[in-house]
1. Starting from the 7 Å offset along Cα-to-Cβ, what nm value, one decimal, do you get for the label separation of A:Asp250 and A:Glu280?
2. So if R0 is 25 Å, what FRET efficiency would A:Asp202 and A:Trp27 give, r being the distance between their Cβ atoms, rounded to the nearest 0.05?
3. Can you tell me the equivalent ellipsoid semi-axes for the range B:12-158? Use √(5λ) from the Cα gyration tensor, largest first, whole Å.
4. Which peptide among B:279-285, B:259-265, B:213-219 comes first, and what is the full order, when sorted by highest mean count of other Cβ atoms within 10 Å?
5. Looking at chain A, which longest stretch skips every one of the trypsin sites (Lys or Arg not before Pro) that is in a DSSP loop with at most 10 other Cβ atoms within 10 Å, leaving the sites themselves out?
6. Using the Karplus curve 6.51 cos²θ - 1.76 cosθ + 1.60 with θ = phi - 60°, what ³J(HN,Hα) values do you get for each residue of the range A:131-148, in whole Hz, with x for Gly and Pro?
7. How big is the antiparallel share of DSSP beta bridges in the range A:3-335, given as a percent to the nearest 5?
8. May I ask you to give the average projected area over all directions of the convex hull of the Cα atoms of the range A:98-153, in nm² rounded to one decimal?
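The values are calculated or read from the model by the stated rules, or taken from the named source; none is laboratory data. As the structure is a computational prediction, the values presented were derived from the model and not from experiment. All Cβ positions, even for glycine, are placed from backbone atoms using ideal geometry, and neighbour counts span all protein chains on display. SASA here: full protein model, heavy atoms, side chains in, ligands and nucleic acids out. Shrake-Rupley method; radii C 1.70, N 1.55, O 1.52, S 1.80 Å.
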Amino acid sequence: MIGIKSYGGYIPRYRLNRMVIVQNMAWYLPVIMAVAQGEKSVANWDEDSLSMGVAAAYDCMSGGDRKALDAVYFASTTLPFADRQNASVLATALNAPEEGVDNADFTGSIKAGTTAAIAAIEAIESGSKDNVLVVASDLRRTKMATMYEMFLGDGAAALLFGKDDIIAECKGYYSHSCDFVDHYKGYGKEFDYTWEERWVRDEGYGKIIPEAISAFLGKTGMQINDFDKVIYPCYFKGTHAGIARKLGLDPSKVQDNMHEVCGDTGTAHPLVMFIAALEEAKPGDKLLLASFGQGCDVLYFEVTDKIKDLKAPQGIKGSLARRVELDSYQKFCKWRDLIVADLGIRGEANPNTALTTLWRKRKMLLGLVGSRCKKCGTPHFPPSQVCINPDCGAVEEMEEYEFSEKTGKILMYTGDMLAASVDPPAIYGMISFDGGGRTMLDFTDCKLEQIKVGMGVRLSFRRKYRDDMRGFTGYFWKAIPQVEE
Amino acid sequence: MATGIKDKVAIIGMGCTKFGERWDVGAEELMVEAFQEAIQDAGIDKNEIQAAWLGTCFDEVNVGKSALPASMTLRLPNISVTRVENFCASGTEAFRGAVYAVASGAYDIAMAIGVEKLKDIGYGGLPEFSSAMGTLNGLWFPNVTAPGCFAMLASGYAAKYGIDMQELKKAMAHVSAKSHANGVLNPKAHLRKAVTEEKILNAPMIAYPLGLFDCCGVSDGSACAIVTTPEIAKSLGKKDFVTVKALQLSLSNGTEMAYEWDGAHFITAAKASTEAYKEAGIKNPREELSLMEVHDCFSITELVTMEDLHISERGKAPKDIMDGFYDLDGKLPCQVDGGLKCFGHPIGASGLRMLYEIYLQLHGRADKRQLKDPKLGLTHNLGGFPMMNVCSVAIIGKYDV
């Protein structure tokens with residue numbers, strides 16, 4: 001049996017009510033009012049597709065064995081690096097193995113997430129791999145006052161494919177590829193370029209998805225209503241329902257397109273919607289998943305009894321519940337770099353990243369891997385050769401020790417108005433890890449007024465800096481005070 | 001068996017510039033200003049100086065690397081000059097180099113000069129630090145500034161002693177108000193305006209819970225000391241001269257940051273001061289010291305330091321502060337010259353500037369600030385951050401004490 005062993009989801013904490021966009025920008029493009037239902041998810045200023053992918057991947061692997069991964073596939077149209085395998089950054093953040101591992105990026109189309117899933121299934125079918133983690137994520141910047149700004153949200157999803165302990169068996173798949181260009185992003189361009197909506201709706205989503213699903217049904221001899229849920233993206237609400245009508249699908253079996261709760265998350269979206277369906281699924285349920293983008297991938301899964309044994313991850317449901325309203329459109333625009341606010345001369349500092357140092361310390365910097373003294377058990381971050389415990393002091397007696405999934409407590413903190421920050425005050429502090437060790441970290445996803453000494457924290461992989469001069473993005477881990485717990 | 005530095009070295013000349021936003025001059029002119037005062041005070045010829053130490057911290061936006069700026073600017077007679085940098089202890093480190101050089105017997109007369117030109121960077125606060133922390137730290141250290149790191153100490157202190165932040169802020173406000181009052185009396189201070197505690201408490205936030213007046217100024221300045229042996233001092237006709245009683249340095253080893261620490265005190269300052277009292281033969285510093293010049297980069301730093309120097313009991317510094325114990329007319333005046341609060345903190349100069357005030361006080365030359373018959377004074381520098389720092393403590397006093 002080949003299929004899904006576990007799933008994970010990540011919808012960033014901030015949500016922008018679409019009426020806030022309308023209030024700020026309808027003077028410029030009144031038609032945005034037509035799709036102003038609900039809210040869209042907004043990644044924090046220190047997130048990108050890769051950092052969100054890491055969050056989804058950890059969620060998926062919680063309780064799983066990251067050391068057993070044979071490959072990490074990362075799908076996104078908003079990869080931070082055009083040439084530096086983003087999947088391997090993600091795999092390093094997971095402290096996944098390097099030897100015998102074959103990571104890959106899937107990109108170039110918002111259907112890349114399902115394409116990566118099919119590649120994972122085929123790799124396992126071929127016998128070359130046992131465990132493949134598929135992560136899809138997108139953070140698409142949009143111009144102000146566009147329909148895209150209204151439709152799109154940010155998010156990530158992860159699925160672990162394997163051969164045993166399967167919660168949803170893959171029972172077939174089919175792909176259709178064609179050069180239908182509803183939107184494109186030219187090389188070096190900042191934003192997507194979109195064609196007329198009516199054409200995209202009627203000739204794109206409205207035809208390509210039902211035709212691919214019909215072709216799959218024809219191939220397998222199944223009927224559309226054999227499925228308990230049919231999952232496909234389409235940010236036009238009317239067209240989304242129209243596709244079901246065209247297929248003769250019972251409307252109760254259509255998975256919601258999530259426009260009101262987060263918006264279309266691009267490459268991640270078919271998997272985000274699929275995970276939302278899995279979260280409600282019972283053993284025996286048949287799920288049909290389709291994507292869109294220069295064609296359509298169709299995958300058929302059947303939920304197994306094992307889904308009852310899965311330790312529930314945060315998933316999509318959990319991350320949707322963890323929400324805070326972003327009440328400022330200006331803040332959203334600043335976070336997405338759509339407007340220019342002065343950082344001051346202090347903000348101009350831009351030291352180069354020593355790639356040699358990054359290579360030597362990749363586990364520490366990307367995976368938050370420290371060390372633990374084999375003699376006395378003291379955990380260390382950063383990793384150290386000499387034990388810090390004054391009663392021990394052992395030298396070169398360290399083993400690897402992962403901090404990324406540890407919880408901790410705030411020892412001291414501040415909100416700094418002097419530090420150059422996109423979202424002042426810069427909040428940071430010292431934390432002690434439960435189980436030993438302590439360090440000083442930036443805090444994120446919190447407000448200064450909510451924090452106090454002793455409050456719990458969790459850790460999150462975030463963009464640490466962006467070197468616009470050289471095009472480099474640096475990542476590290478931050479602490480998230482658990483203000484909601 | 002080491003015998004310590006006590007009374008092995010005499011200070012025979014000191015100089016200190018006017019501190020402030022010295023838009024008119026650079027580090028070079030500042031050094032000349034401090035040096036000329038020191039050499040005239042010592043009453044020796046420049047060519048009698050056999051070795052010198054230069055303390056600067058942010059060399060890249062200041063004098064540049066090496067000790068050449070001091071040697072060339074002052075036209076020193078091709079002697080050994082060494083540049084030292086150890087964060088905010090840089091000035092005291094320069095002094096330490098000169099004092100140890102004389103104590104070792106290698107030289108008869110040595111000089112320490114500290115300088116920092118901070119106001120050539122174009123923005124407020126200390127120079128941005130990210131290119132100066134090394135290739136690895138730069139990749140993971142949080143986006144910190146000096147006020148932010150010391151502000152954290154206030155959160156740790158309030159939590160440890162269960163003090164409401166507003167109450168702690170009142171004690172911190174008194175720390176700053178007291179120094180501002182002292183600064184008014186000092187023509188060399190940068191800030192010479194009395195500030196009320198109410199104004200301090202209502203100032204804009206810089207890094208929670210530190211407001212504007214909880215932070216010291218940023219300024220340019222230089223200070224200089226010329227040292228020799230007591231025997232040579234005597235032969236030069238010096239009477240009632242000042243000698244070094246203790247000189248200690250303590251550095252973090254990572255414990256605070258990565259192992260164990262209450263976040264409410266400085267491990268290094270507690271250690272350095274203990275060692276300094278031992279070296280100086282001081283049993284009860286609260287009674288024996290006449291005055292102190294400590295590293296009040298931020299009000300909370302001074303507050304906590306009163307405990308680390310073993311003057312106030314743990315958790316009791318706010319009470320001593322509110323009681324006026326450290327005021328100019330208190331039992332143990334602290335920041336008599338106005339402190340970093342009013343002098344600002346041209347890093348390489350600060351340690352020597354503190355010694356300058358004690359030197360003036362011991363010679364009875366402190367004018368309106370003059371204390372009655374001071375005998376022993378302590379200086380303290382704290383460089384870096386509460387969770388990883390360099391701490392220096394110096395004690396100087398009259399030779400016969």
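1. Modelled inter-label distance: 1.3 nm.
2. 0.25
3. Details: eigenvalues 196, 61, 46 Å².
After scaling each eigenvalue by five and taking roots: 31, 18, 15 Å.
4. On the way: B:279-285: 17.4, B:259-265: 19.6, B:213-219: 25.7.
With the highest mean Cβ count within 10 Å placed first, the list reads B:213-219, B:259-265, B:279-285.
5. Values: sites that count: A:Lys189, A:Lys311, A:Arg470.
After excluding every exposed loop site, the longest remaining stretch is A:1-188.
6. Per-residue couplings from phi come out as 10, 10, 9, 10, 10, 10, 7, 8, 10, 9, 6, 10, 5, 5, 6, 10, 5, 4 Hz.
7. On the way: 36 of 51 bridges.
The antiparallel fraction comes to roughly 70 percent.
8. Numbers: hull surface 20.1 nm².
Over every viewing direction, the Cα hull of the range A:98-153 projects on average to 5.0 nm².
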